[in-house]
Amino acid sequence: MDKIEHRQNRKTSSLASIAVGLLACLALSAQAQTTTVKNPFLWADIPDPSIVRVGDAYYMSYTTMHLAPGVPILKSTDLANWRTVGYAYSTLADNDAMNLANGKNAYGKGSWAASLRYKDGKFHVLVPSYTTGKTHLYTTANVEKGPWTEVQFPFYHDPSLHLGEDGRNFVVYGANDIRIVELNSTLTGVKSGGVSKILIPKAQSMVGDFILNAEGAHIEKIDGWYYVFLITWPRSGYDGRTELVWRSRTIDGTYEGKVVHSSKGVAQGSVVQDAKGAWWGYLFQDNGSVGRSPWIMPVTWSNGWPVFNGGTSPTSVAMETHSATGTGIVTSDDFETPAMKLEWQWNHNPDSANWSLSARPGHYRIKTSRVDAQVVNARNTLSQKSFGPKSSGRIALDASGMKDGDVAGLSAFQAGYGYVGVKKSGTSNSIVMVNAPKGAPTEVASVPVSQNRVFLRVDMDFTNRTDKATFYYSLDSATWKQIGNTLQMSYTLDHFMGYRFALFNFATKAAGGHADFDWFKIGSTANESIDLYRTAAIGGDIGRQARPGRMALGSVVSRSGRELSIGYEVERDGRVEILLATPDGRILQTLVDRHHAQGAYDASCTAAQLPRGRYLVLARFDGAPAQAVPVVLVE
């Protein structure tokens, strides 16, 4: 940044008069390239994966327990880069446990390992629930838009759905004794008089004594063989969690089995064939407090048995991949869209009468409807995954609608949680840090503040399973102060999932208050903001009016070569960032980054030594995206 002048008594020009060649957003090439993919290929909580290929696309389901909506569906074109495209259900069940009502909850339950299948133009998700005591079959012709239909079956532990070419349908399921049951041809019930028996008795018998018996079934038909993939955890003689395979020439015949993979505890999953005929194994590993993370590796075949990467779980693998632009499992959000972005999930079923994206446009509002003792009891807590090796979540919070006794903020959320938040006492606000490593909350620190708009941050470090969370606050989104102590994160079966960034508000004295979340930012560091929707929305951002109470770029002029003159107006005091980025949103250079008073400004900036071409000028206010304008740098 070379020079900023505060312009008096002169408004910026309208967005329609931007003095620069406006460019259409160019589609990115989908050409494949060989890259090194590190394992886990998604360093996050993605347990119980089930993958199918449909044409050139891959779809994956995985487990999110008690969260809603449930059974996320991810999509990929290369098995390495994924994006959430939908969910099998919005509401698993409308009962006290899933509604966090009457002292009940579904922590660690909800829905478990699902089986994803595709046949004759329809996707099927078969998922068991320890909360409902049923197995739910969800079916759709459009996995991204729905609608989904539902049929319920008896409870089947870790079921795998087989849709036969001959029209016969089966579920393989169970633990220790692996069972099979036949469904009818319309998938609406169990077939009367159909197959129902133990298929593989004591399926972990070949490993001797065990910590975990055989479960997690995946049944596949490959080259005339029926394969049942299972996980077990031998007590000794193996490298932790271990993958077994049993096979038979007929689906309900006699099976023979062997250990096919025991390396670094990477197990439970199956195999998938890519469009070029190569086979890939996908399994997962217990990965500390971030959760259970999936690995991928090449599979070859020896005498009809799968061989996972020669017997070793690789830390990396060479794969043909496409551009990762627009893929990912988390995103920043300024809550401007009318519907919640797909990366968000609520803790249990949301209370739709007491959350809103429209009550105050551009904000996520949580209104309290009852009194709760602590954050794990609160409704409408909204969360996204953490990820490794490090991740940082930040929020802008307006506490002006909170009532005496209300607490709202940002949590590192699991059974043993911590949070930084605003606590309302009478008419006064305090920033508090609460640590509850074993579920019993202790207020470790409290700092009085005189303003309602504050900024809160949680950093999580999973490097080498350090598993520590630290907590910060800011009064201007630029200068951060650590508060309280460090939470030693711990993965426990109480919630049975990895830590999440959670936005919450709960009342401890009286219901009726509300908290407004202006934005959420997430990245590997506090200076990074992952935004999966920026690229897709760039065209729509051009000429868009700035959010009320923020800022507007009025003009971006390329004076000579790489000299940029930028005019902008700040509608209230706050931090302004103006960034130079690639067309897909990758930040290259910070042009302006400082606190501004209300007013109009001109900035003269010099772009770095970048090649001529198309770029974006991005504007952020208080850390949240405000605008994007295309520019061309010329010689």
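What residue, of 285, 204, is polar (S, T, N, Q), in contact (Cβ under 8 Å) with a residue 40 or more places away in the chain, buried (at least 16 other Cβ atoms within 10 Å of the Cβ) and under 14 Å from residue 47 (Cα atoms)?
Going through 285, 204 in turn, the sole match is 285.
Kindly list, by first and then second residue, each pair from a residue in the stretch 212-224 that is closer than 17 Å to residue 47 by Cα to a residue that is among the acidic types (Asp, Glu), limited to pairs with Cβ atoms under 7 Å and residues at least 6 apart or on different chains.
Here the result reads 215/158; 216/158; 217/158, each pair linking the stretch 212-224 to a residue that is among the acidic types (Asp, Glu).
Which one of 597, 607, 619 is modelled with pLDDT under 80 and among the aliphatic types (A, V, I, L, M)?
607
For the stretch 213-256, name all the residues that are open to solvent by less than 30 Å² (accessible area, probe 1.4 Å), over 19 Å from residue 115 (Cα atoms) and in contact with a helix residue (DSSP H, G or I) (Cβ under 9 Å, 6 or more places away or on another chain).
Within the stretch 213-256, 234, 242 meet the criteria.
Could you list, in sequence order, all residues of the stretch 175-195 that are farther than 14 Å from residue 159 by Cα, open to solvent by 30 Å² or more (accessible area, probe 1.4 Å) and free of Cβ contacts under 8 Å to residues at least 24 places away in the same chain?
Result: 184, 185, 186, 191, 192, 193.
Filter the stretch 566-623 down to residues that are charged (D, E, K, R), surrounded by 19 or more Cβ atoms within 10 Å (Cβ to Cβ) and in a strand (DSSP E or B), then give me how many there are.
Of the residues in the stretch 566-623, 4 are charged (D, E, K, R), surrounded by 19 or more Cβ atoms within 10 Å (Cβ to Cβ) and in a strand (DSSP E or B).
Quick check: anything in the stretch 512-527 modelled with pLDDT of 75 or more, open to solvent by 40 Å² or more (accessible area, probe 1.4 Å), out of contact with any strand residue (DSSP E or B) (no Cβ under 8 Å at 6 or more places or on another chain) and under 29 Å from residue 329 (Cα atoms)?
Yes, the stretch 512-527 has at least one match.
Give all pairs with beta carbons closer than 7 Å in which a residue from the stretch 110-123 that is more than 16 Å from residue 175 (Cα to Cα) and among the acidic types (Asp, Glu) meets a residue that is open to solvent by less than 50 Å² (accessible area, probe 1.4 Å) and modelled with pLDDT of 95 or more; count only pairs at least 6 apart in sequence or on separate chains.
none
Only one of these conditions is not met by residue 324: (1) farther than 26 Å from residue 222 by Cβ; (2) surrounded by fewer than 19 Cβ atoms within 10 Å (Cβ to Cβ); (3) touching a His at 6+ places or on another chain (Cβ under 9 Å). Which number is it?
Among (1) farther than 26 Å from residue 222 by Cβ; (2) surrounded by fewer than 19 Cβ atoms within 10 Å (Cβ to Cβ); (3) touching a His at 6+ places or on another chain (Cβ under 9 Å), residue 324 violates only (3).
Just checking, how many residues over the stretch 130-169 are in contact (Cβ under 8 Å) with a residue 40 or more places away in the chain, more than 24 Å from residue 58 (Cα to Cα) and out of contact with any Leu (no Cβ under 9 Å at 6 or more places or on another chain)?
Residues in the stretch 130-169 being in contact (Cβ under 8 Å) with a residue 40 or more places away in the chain, more than 24 Å from residue 58 (Cα to Cα) and out of contact with any Leu (no Cβ under 9 Å at 6 or more places or on another chain): 1 in total.
Exactly one of (1) among the small types (Gly, Ala, Ser); (2) open to solvent by 10 Å² or more (accessible area, probe 1.4 Å); (3) at positive phi is unmet by residue 369. Its number?
(3)
Could you tell me which numbered condition residue 318 fails, if it satisfies all but one of (1) assigned to a strand (DSSP E or B); (2) touching a residue at least 40 places away in the same chain (Cβ under 8 Å); (3) open to solvent by less than 20 Å² (accessible area, probe 1.4 Å); (4) not β-branched (Val, Ile, Thr)?
(3)
Could you name every one of the strands (runs of 3 or more DSSP E) located completely within the stretch 1-106 that has at least 1 residues being open to solvent by 20 Å² or more (accessible area, probe 1.4 Å), at pLDDT below 95 and closer than 30 Å to residue 628 by Cα?
Result: 3-7, 33-38.
Could you tell me which numbered condition residue 346 fails, if it satisfies all but one of (1) of a type outside the set (Val, Ile, Thr); (2) under 19 Å from the mean Cα position of the chain (by Cα); (3) open to solvent by less than 20 Å² (accessible area, probe 1.4 Å)?
It is condition (3) that residue 346 fails.
Which members of the stretch 475-485 meet the condition of being part of a strand (DSSP E or B) and either among the acidic types (Asp, Glu) or exposed (fewer than 15 other Cβ atoms within 10 Å of the Cβ) (or both)?
Passing the criteria: only 481.
Might you check whether a residue that is open to solvent by 20 Å² or more (accessible area, probe 1.4 Å), farther than 15 Å from residue 394 by Cα, among the acidic types (Asp, Glu) and in a loop (DSSP other than H, G, I, E, B) occurs anywhere in the stretch 486-494?
yes
Tell me, which residue of the stretch 289-308 that is open to solvent by 20 Å² or more (accessible area, probe 1.4 Å) and either free of Cβ contacts under 8 Å to residues at least 40 places away in the same chain or in contact with a helix residue (DSSP H, G or I) (Cβ under 6 Å, 6 or more places away or on another chain) (or both) is nearest to residue 413 (Cα to Cα)?
298
Would you check if residue 150 is modelled with pLDDT of 95 or more, among the acidic types (Asp, Glu), surrounded by fewer than 15 Cβ atoms within 10 Å (Cβ to Cβ) and assigned to a strand (DSSP E or B)?
Spelling it out, residue 150 is indeed modelled with pLDDT of 95 or more, among the acidic types (Asp, Glu), surrounded by fewer than 15 Cβ atoms within 10 Å (Cβ to Cβ) and assigned to a strand (DSSP E or B).
Residues to consider are 472, 499; find the one that is open to solvent by 10 Å² or more (accessible area, probe 1.4 Å) and either touching a strand residue (DSSP E or B) at 6+ places or on another chain (Cβ under 8 Å) or modelled with pLDDT of 95 or more (or both).
Only one candidate passes the filter, namely 472.
How about the stretch 276-312: which of its residues are under 17 Å from residue 220 (Cα atoms) and of a type in the set (Phe, Trp, Tyr)?
Those that are under 17 Å from residue 220 (Cα atoms) and of a type in the set (Phe, Trp, Tyr): 279, 280, 282, 301, 305, 308.
The values are calculated or read from the model by the stated rules, or taken from the named source; none is laboratory data. What you see is a predicted model; the values in this text were computed from it and never measured. Every residue, glycine as well, gets a Cβ built from its backbone with ideal geometry; the counts of neighbours run over all protein chains shown. Side chains included, ligands, DNA and RNA excluded: accessible areas come from the protein's heavy atoms. Shrake-Rupley method; radii C 1.70, N 1.55, O 1.52, S 1.80 Å.
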